[in-house]
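What follows is a set of notes on a single structure, which appears directly below.
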Amino acid sequence: MKVALFGHRGRVGSVLAPALTAAGHEVLGIGRGEEVELAGIDAAVDFTQPDAASDNARAALEQGVPVVVGTSGLDGAELEELDALALARSLQLLVVPNFAIGAVLMMRFAEAGAEYLPRTEIVELHHEGKKDAPSGTARATAERLPGEPPIHSVRLPGLVAHQEVLLGGEGQLLTIRHDTFSREAFVPGVLLALEKLATLPPGLTVGLERLLESP
Ligand code: NAP
């Protein structure tokens, strides 16, 4: 596929660009302030910043290109507006809070555990350069748990992306933890998203789960 990658010089983008090329895709990197000319592009992928991602996604959709958003921190109103645009153009808009398969499983296991241990709290820990808090993964996890679980955000040097879901009961604690040690962890999920993008219905899809389950 011909893939436009917004944020190709960033921490994730600089790992993703060569990995996409190695997997056989042709990559057009687009950095901050650069022209967004997407003629002939099959899909756009965004790993930028919360204040840039929705403009990039809008520009891609307006040029008839389906979009995969990895950037976290887009709010509900922005997603609604992009969903409407994607539907109007019959294009896919896939927003994935976490491309690491282990993190997808962490969310699934936490949801299953909360049926029995419904008192939960989330601790998310990230590198100090992460601009949004709480993380998109923590917010997506909280939406799948009962009530409104408190989210604790830690930003420290030395970390990449980590999350614990704590499920408490009388006299016991179940901790489900996922650690991302390097950004290579996100590559297979992005490749899967590109491979399956055309099989999704038009409009907004959130998360990798549906792609993992489809044949
Ligand atoms: P980063 O290192 O700050 O990289 C972001 C890149 O985007 C920078 O190169 C930046 O350029 C560029 N950029 C900013 N505005 C832009 C624009 N309008 N158009 C094109 N490029 C633009 O951030 P990161 O650590 O790679 O993370 C990127 C995003 O992905 C964050 O929101 C992060 O939370 C999220 N993330 C998601 C996942 C997932 O699995 N879904 C995994 C990891 C990270 P400048 O240097 O010029 O500012």
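The values are calculated or read from the model by the stated rules, or taken from the named source; none is laboratory data. Just so we're clear, the structure is a prediction, and the values are computed from it rather than from any experiment. When we count neighbours, we look across all protein chains shown, and the Cβ atoms used for this are built from the backbone with ideal geometry, even at glycine. Ligands, DNA and RNA are excluded from the accessible area calculation, which covers all protein heavy atoms including side chains. Shrake-Rupley method; radii C 1.70, N 1.55, O 1.52, S 1.80 Å.
Summary table
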{"read-out": "Candidates 75, 46, 83, filtered to the one that is more than 23 Å from residue 199 (Cβ to Cβ) and either without any contact (Cβ under 8 Å) to a residue 24 or more places away in the chain or not aromatic (Phe, Trp, Tyr) (or both)", "value": "75"}
{"read-out": "Check on residue 12, more than 8 Å from the ligand (Cβ to nearest atom) and either at pLDDT 95 or above or under 19 Å from residue 208 (Cα atoms) (or both)", "value": "no"}
{"read-out": "Those residues of the stretch 13-30 which are open to solvent by 70 Å² or more (accessible area, probe 1.4 Å) and more than 20 Å from the chain's Cα centre (by Cα), in sequence order", "value": "21, 22, 26"}
{"read-out": "Residue count, the stretch 18-48 (criterion: under 20 Å from residue 208 (Cα atoms) and within 14 Å of the ligand (Cβ to nearest atom))", "value": "6"}
